[in-house]
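A short worksheet on the structure shown next.
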Amino acid sequence: MDLKKGLLLVLAIFTLSLTGSAQIKAVEKFLKENEGLTKFFIYQSTLRMLNNSGDENFNKLIKGIRKINVYVTEGSSEVSTASYKRMISELGAEQFETLVSAKTDGTLLNLMSRESGNDAYYVLATSEGSNFALMEMDGQLDLRYLEALESMNFEKLRKILGQDDEEPVIDTHTEEIPD
């Protein structure tokens, strides 16, 4: 995995802290407009598999995570830049605050949040050419144990998500998003 993709993955998974169960309207609309996205569910048990060193602080870090939803382009599926930008704009209209917005070497990255009472909602979207990823997390990281990320096996995560030439390590419960 190249450095840029690794950094995006770390930012995506571990900057998010809580996504409520209600679907965000802009995201829901975006998913309906963009057929062919593949959805991965990553559960806490999957994340525990990435703790090669058995670091107990890593388990404490992820204890509050129930599920991470990941939407990615596969094969010939494509997300247009216009569709991506429209979703980001609509998130802004839904009172989402931009935490990170970057464009480097053709890669767009947006991390946005909205707080509602005790809940915080986070959306992370990245786009590079025809490659696209959108992440939502149900649960919360215990940021007191953030240093435990050093024990995470990112190569194994890449295999789990099928992002290399080998077969996935486990079944990540993928499904095509219905029309």
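The values are calculated or read from the model by the stated rules, or taken from the named source; none is laboratory data. The structure presented is a predicted model; accordingly, all values stated were derived computationally and were not measured. Every residue, glycine as well, gets a Cβ built from its backbone with ideal geometry; the counts of neighbours run over all protein chains shown.
Quick rundown of the values:
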| read-out | value |
| --- | --- |
| Segment 34-51 - residue that is in a strand (DSSP E or B) and of a type in the set (Val, Ile, Thr) and, of those, farthest from residue 144 (Cα to Cα) | 38 |
| Candidate set: segment 50-74, residues that are over 15 Å from the mean Cα position of the chain (by Cα) and aliphatic (A, V, I, L, M); chosen: the one farthest from residue 157 (Cα to Cα) | 61 |
| Single condition residue 54 does not satisfy, out of (1) surrounded by fewer than 13 Cβ atoms within 10 Å (Cβ to Cβ); (2) part of a helix (DSSP H, G or I) | (2) |
| Strands (runs of 3 or more DSSP E) wholly inside segment 70-162 that include at least 1 residues being at pLDDT below 85 and among the charged types (D, E, K, R) | 107-116, 119-128, 131-140 |
| Segment 26-36: number of residues that are farther than 25 Å from residue 140 by Cα and surrounded by 17 or more Cβ atoms within 10 Å (Cβ to Cβ) | 1 |
| Scope segment 84-113; condition more than 11 Å from residue 26 (Cβ to Cβ) and among the charged types (D, E, K, R); matching residues | 85, 97, 103, 105 |
